[in-house]
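Asker: Shown below is the structure under consideration.
The values are calculated or read from the model by the stated rules, or taken from the named source; none is laboratory data. From a predicted model like this one, the values you see are computed outputs, not experimental measurements. Positions of Cβ are generated from backbone atoms using ideal geometry, with glycine treated the same way; all protein chains shown enter the neighbour counts. Quick note on the areas: whole protein, heavy atoms, side chains included, nothing else; ligands and nucleic acids left out. Shrake-Rupley method; radii C 1.70, N 1.55, O 1.52, S 1.80 Å.
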Amino acid sequence: MTVCANRQDSRYSEWADQYIAYGQLKKEIKGNLPWNDTAEANFIQSLKNELEKCEKFQRSKAEQLMVKIDDLEKEVLGLVEKASEEEDEDEEEEGTKRTPGDMERNVNEDDHDQDGGSDDEDDDDESTMSVGGIEERFRELEEEVSVLVADVHDLALFTKLNFTGFVKIVKKHDVRFLPSCLYLG
């Protein structure tokens, strides 16, 4: 993510072509003088096109993020269930209840292969993961959630910047072309 300090560069660079083309709309306002019905219609169409572009991109990104959230939630719930099963099995074997700290202390004990050291076991398969493997996957998921939170933040900033751009360009239009008795802003 490359977000810079000044206003124009506060946009997420990978999405640069998806933001409102504020400069282009501003030039359209200044360049179509005298302003007439054709210029007004062209400006409104350009404004609609920009709004549709931004909305389509925002909707697409939001849907992608929701899919990621759903996938991560399912995996976390599966891992929680698996960890609970592992803990229950260990309690039955030992005849004692384990504390949460025991899981971390016993990672090395629980991290051995159940098939005598065969290399054909798939460590990513939840059904055969050891407690240590489950904990490691939780740490990886925690990192994935952090990236997801950053993506949500970037999308919120995208929305805020575009909203501000649309408000400002419409205000520029209104100040310039609406009679002062009609302008309330």
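Asker: Is it the case that some residue within the range 166-184 is at pLDDT 95 or above and within 23 Å of the chain's Cα centre (by Cα)?
Answerer: Taking every residue of the range 166-184 in turn, at least one turns out to be at pLDDT 95 or above and within 23 Å of the chain's Cα centre (by Cα).
Asker: Counting just the residues of the range 3-18 that are of a type in the set (D, E, K, R) and over 22 Å from residue 171 (Cβ atoms), which one comes out modelled with the lowest pLDDT?
Answerer: Residue satisfying both the conditions and the ranking: 9.
Asker: Can you pull out every residue in the range 46-84 that is among the hydrophobic types (A, V, I, L, M, F, W, C) and closer than 30 Å to residue 23 by Cα?
Answerer: 47, 51, 54, 57, 62, 65
Asker: A further question follows. Answer with yes or no whether residue 52 is under 19 Å from residue 165 (Cβ atoms) and modelled with pLDDT of 90 or more.
Answerer: yes
Asker: Among what's in the range 115-162 and is of a type in the set (S, T, N, Q) and modelled with pLDDT of 80 or more, pick the residue that is least open to solvent (accessible area, probe 1.4 Å).
Answerer: Result: 162.
Every residue, every condition in (1) at pLDDT 80 or above; (2) part of a helix (DSSP H, G or I); (3) more than 33 Å from the chain's Cα centre (by Cα), yes or no:
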{"site": "1", "(1), (2), (3)": "no, no, no"}
{"site": "46", "(1), (2), (3)": "yes, yes, no"}
{"site": "63", "(1), (2), (3)": "yes, yes, no"}
{"site": "77", "(1), (2), (3)": "yes, yes, no"}
{"site": "86", "(1), (2), (3)": "no, yes, no"}
{"site": "90", "(1), (2), (3)": "no, yes, yes"}
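Asker: For the range 19-78, how many residues meet the condition of being under 28 Å from residue 175 (Cβ atoms), open to solvent by less than 90 Å² (accessible area, probe 1.4 Å) and among the basic types (Lys, Arg)?
Answerer: 2
Asker: Quick check on my filter: what residues within the range 31-50 are in contact with a helix residue (DSSP H, G or I) (Cβ under 7 Å, 6 or more places away or on another chain) and without any contact (Cβ under 8 Å) to a residue 12 or more places away in the chain?
Answerer: Selection gives 32 alone.
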